[in-house]
Structures are given as C-alpha cells and as structure tokens.
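To keep things clear, I will list the structure first and then write my remarks on it.
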Amino acid sequence: MKKALLILTAIMLAVPALRAEDNEGFDPGSMIIGHVTDAHSWHMFDYKTKDGAEHAVAIPLPVILWNDGHLDVFMSSRFHHGHATYKGYALVGGGAEKEEIVCVNEAGELTGIKPIDLSITKTAAAIMIAVMLLLIIVFIARAGYKKRPNQAPKGLQSLVEMLVVFVRDSIAKPMIGEGKYERYLPYLLTLFFFIFFCNILGLIPFFPAGANITGNIAVTATLAVITFLITNISGNKHYWMDIFNTPGVPAWLKVFPLMPVVELVGVFTKPIVLMIRLFANMTAGHIVILGFIVIIFILSNLFGTVVGGAVSVVSVFFSVFISLLECLVAYIQAFVFTMLTALYIGMAVTQPKHE
C-alpha cells in the first residue's frame, strides 16, 4: 500500500493538470483531501443545471459556536457551502485547506478571530451513527440469547459471538493473563468493535457511511489517550519499579538516569504509535482509492474521453482491488490496536519474575 501511495503521489506531482486553472476547474488534490478530512456538512454529490451552474447537495450539520461570552447555534446550510456569511461568521477553507469558521466584520471581511468551535462535524455525526448501528447489532445479538437460551447461536448472533470469543481467547487472555483479563475485557471488546465497525463504514461510499472516522487524528488520539490512562492507572509497583529501576541494567546507567529516562519516554511513545498507525493506514487506503479514480478525469481532460475511458477500466479494477484489501486492513488495524492495548495493560498489571 505504501508503494502504491508513493507511485500515485509521483504521478500527481508530475502531471501539471493537478492545478485547477490548468484542468478546467478540476482540482484532484482538493477533491481527495476534501473526502478524507472533516467538514461542517455531509457532502453527497454535485450537479449542474442547464445554465451550467454547479450546485452541491449536502446534509447540513449543527454549528455550535462560543464567541465573546455568548453561544450561537444554527445549521451549516446558512453558509451556503462557504459562499455566504451568517451572524458575523464565515466558513473558509475546504478541500486541500482546513475547513474552519472565522469571524467577519460588518463589511464581510475576515477578522482573523476564531470562535470556540463545538460543532457537530461530519466525523462527530459519523461516530454517532456508527455507535447507534453498533448498539443495534449488539442488542439484536442479546435478544437472540434471551429468545434461544442454551442453544447454538445463529445469524447475526453467530458473528458477534465469534468476534467476542476471538478477542477474549486470542487477545485478552494471552496478553493480560488468567484471572486479570476479565476486568479489561469490556474495554477491549468496545475498542475492537468500534474500530472495526468504523473502518468498515468508511469503505462504503454513500450516506450514512463514507466518513473517514479512524482516518481522523483526533479520533485515534482519543482512543490512544484512553489506553494510556487505563494502562498507567492500572500499573502496579513492579511496573513503575521497572521504569525507574530497570532490572539487569548496570548501576552507572541508573545513577546517570539514562535508562529511566528512556523507559519513561517509552511510556508516552506507546500511545503515540497506536495513534499514528491507525490514522496513517486508514487514511492512506482512502487516498490510494481516490487517487485511482481521479486519474480517469485527469487523463480525460488531457487526452480526451477515449483515453479516459480506456484508463477507467484499469483504474476501476485497481480501485476494487484496493477496496477489498482495505476490508482486510480494516480488520487487521482493529486487531493490532486492541492487541497492543492488551499487551500494554498486561505489562502494567502482571508481576514479572526477575532472576
């Protein structure tokens, strides 16, 4: 995937048609980045009327702003996709630039002042949708157990039980240990199901799916911080002694405190690695898929629709292939994040045997 991303980036940098003014208003870079980043509305599609005017179809989301001691709440449709101001605010950016809300003066000029933005953005709305759908699935499985007690699971109940047993027997028990894993199993199950479900929803290209939830650094950072807090709050005295008084290390390294500093830095780098790995892998997959799609339009504008049509066969084939690969990556990333979380917790709560 990394090689494909590098090749795609090289192609996009080498083709001058990437600039909007050189490519009849089509900006592939803005289109790709706009699809993988957050926004204040849920964009569906664009269409052109007979007079050539382009219109965007999007689902407006609530805008919640705290500015100068007062709260402003309204829908993002008031901005008309960034073409209008409302209540002294303007929506700027989008595409390759970060979308944000800034204050404007009476003349409609940007002041550079940014209110505290508490809006329900596309990512936040997608998280709510994912949690609701996930709760529905879990409650359906729960109802199945109540309806058919002490019987073999069937249907959706079988899938949920298979994943629960997998997380318990293949992740929680081996990493944390017997007698201790039960305390952390609910969090590990929540982590695995949430990441896996969000990854799968991100691969479906239409509403209510299609949002790049786990490709948002804020989401992965929040998950990593929760893991960091649980791990270090649960850490026993041996865990902290191994950090500040590492066994098997020469005394002069402890006096100089080189090893304690290295171990303490490792406490903070572990969640950072969790955060970046999930974010980078999911974002890279979306960028590669979108990159193959935009190549069709780039070559069509450069060499005509015949060339674009011929290239579309190859582009669609690779897009489907990467999409299937992303389904596997969606599972692997959920597994790796949960497995490493269980490993960190296990290292914090187990009592190591030193010679």
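Worth a mention:
- For Glu106, the conditions (1) among the charged types (D, E, K, R); (2) more than 29 Å from Met44 (Cβ to Cβ); (3) buried (at least 18 other Cβ atoms within 10 Å of the Cβ) all hold with the exception of (3).
- Exactly one residue among Gln157, Gln151 is over 23 Å from Val329 (Cβ atoms) and part of a helix (DSSP H, G or I), and that residue is Gln157.
- In the range 38-61, of all residues being modelled with pLDDT of 85 or more and open to solvent by 40 Å² or more (accessible area, probe 1.4 Å), the one that is nearest to Gly108 (Cα to Cα) corresponds to Pro60.
- Within the range 109-125, considering residues that are out of contact with any Cys (no Cβ under 8 Å at 6 or more places or on another chain) and within 15 Å of Trp66 (Cβ to Cβ), the one surrounded by the most Cβ atoms within 10 Å (Cβ to Cβ): Ser119
- In the range 217-233, residue farthest from Thr123 (Cα to Cα) [restricted to those that are among the polar types (S, T, N, Q) and open to solvent by less than 30 Å² (accessible area, probe 1.4 Å)]: Asn232
- Selection status of Arg168, more than 29 Å from Gly210 (Cα to Cα) and not in a loop (DSSP other than H, G, I, E, B): yes
- Taking the range 168-200 as the range and being open to solvent by less than 20 Å² (accessible area, probe 1.4 Å) and closer than 21 Å to Glu326 by Cα as the test, the residues that pass are Leu191, Phe192, Ile195, Cys198, Asn199.
- Condition met for Glu161 (of a type in the set (D, E, K, R), farther than 25 Å from Ser41 by Cβ and surrounded by 12 or more Cβ atoms within 10 Å (Cβ to Cβ)): yes
- Counted as qualifying within the range 251-355 are the helices (runs of 4 or more DSSP H) with 3 or more residues that are open to solvent by less than 60 Å² (accessible area, probe 1.4 Å) and modelled with pLDDT under 90, namely 258-303, 305-349.
The values are calculated or read from the model by the stated rules, or taken from the named source; none is laboratory data. As the structure is a prediction and not an experimental result, all values here were calculated from the model. Virtual Cβ from ideal backbone geometry, glycine too; neighbours counted across all protein chains shown. When the accessible area is computed, the model is the full protein with side chains, heavy atoms only, and any ligands, DNA or RNA have been set aside. Shrake-Rupley method; radii C 1.70, N 1.55, O 1.52, S 1.80 Å.
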